[in-house]
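Please treat every number below as a calculation from the coordinates, not as lab data. Quantities reported herein were computed from a predicted structural model and do not represent experimental measurements. Cβ atoms come from the backbone with ideal geometry, glycine included; neighbour counts cover every protein chain shown.
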């Protein structure tokens, strides 16, 4: 059975991680994604951490770039050149989607704005991802996930532990990939509108907007009363059964059991039955009032066994809990394996390697996932130019003139 987007062509002009990750999602869903890079290539190429392996080819391969660019085609084009802009316009004539992370002024400079491209292809979906949106006093401002997603949205502040807590450090591209999901969803909705109306459509999102949406539960209140979110330490949380704790081996677990109903099961599982009759802990209110006493008691109880030893006990007791896994533990996790979170990609250059699946699965025999590794910079330049109608001599001229690479 065909992939969902098997008949869709995407022209993508972007860099770094947020917008490219949306292109990777569309590619995994079956779209043909043509990545237009500057002559020097996407600046994300070659700057990420390499795996600590013994075989040199595997160590040198750019796996982090691969995640956001797998299955695409690459053409290197000089956007400062009128001929280069003409090539992009030609690509867009037969595409269904144009996506970019260029700020509005740069879209106009390179004749890649909505007006210019819809004049060429009136049925095109024109999609833009920015840091802060294309309107307002800071539409000009470049944004990365640490600045626009985590910082400006309040997420960093809300993640501090305690009022004097240090601003945490986000892991690479968390905000980018979350925004990539929002961007791809918006693109597919715009594509649906274009198909229904027969007319082109514009759509956009930003790191800032997506980050605010991820905190909608907090903002549902904060947007009304404008009060700051309280940053709570472990001893200040609302319930001991909605908290995280270290086990005897130093590995952590987290519980999420709202309400009072699970208190007796919780105490029995942790060998803390004495707490059931303690007047300090008889209900949610009293437990909250004595969290500074309860948390150390639970820490001490959990220190008697390792996380792996506690797991079966928690399950048998009917507790709602989860292990706090290290990133390096997740690929070997049985549940991750069962749902295929880390598919294998075959490469003629480095053999097979594991990547990360997009967070969706389909039934009825529809298999989506990585089709191929990320392309080398400009790997498809000649083939794409030939497809656009250029003969070998014309293609050589474009190379000689540094219009393409």
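Observations on the structure shown:
- Angle of helix 82-93 to the longest C-alpha principal axis of the chain, folded into 0 to 90 degrees and rounded to 10: 70°.
- Computed from the alpha carbon atoms alone, the convex hull of segment 237-331 holds 94 Å³ per residue.
- GNM remark for the chain: springs join alpha carbons under 10 Å apart, and the peak mean-square fluctuation among 305, 354, 45 falls on 305.
- Shown for 44, 159: other C-beta atoms within 10 Å of each C-beta, ranked fewest to most, produce the order 159, 44.
- By average C-beta atoms within 10 angstrom, highest first, the peptides 326-332, 105-111, 65-71, 199-205: 65-71, 199-205, 105-111, 326-332
- Segment 165-199 and segment 340-405: distance between their alpha carbon centers, rounded to Å: 22
- Ascending count of other beta-carbon atoms within 10 Å, so fewest first, for 37, 12, 161, 316: 316, 161, 37, 12
- Calculated FRET value between residue 215 and residue 252, using beta carbons and R₀ = 25 Å, to 0.05: 0.60
- Between 143, 30, 365, the GNM of the chain built on Cα springs shorter than 10 angstrom shows 365 fluctuating the most.
- You can think of it this way: the chain between residue 305 and residue 387 has 23.1 nm of extra reach, that is 0.36 nm per residue less the Cα-Cα gap.
- Axis angle, to the nearest 10 degrees, between helix 216-225 and the longest C-alpha principal axis of the chain: 80 degrees.
- Matching the structure-derived Rg/Rh (Cα atoms, Kirkwood Rh) against the labelled list (1) 1.06; (2) 0.95; (3) 1.00 gives the label (1).
- Extending 7 Å from the Cα toward the beta-carbon at both residue 278 and residue 325 defines two label points whose distance is 3.3 nm.
- Rounded tilt (10° steps) of 174-197 against the dominant C-alpha axis of the chain: 50
- Rg followed by Dmax, in Å, when segment 1-93 is reduced to its Cα trace: 14.9, 46
- Most mobile listed residue (73, 387, 346) in the chain, GNM with C-alpha springs under 10 Å: 387
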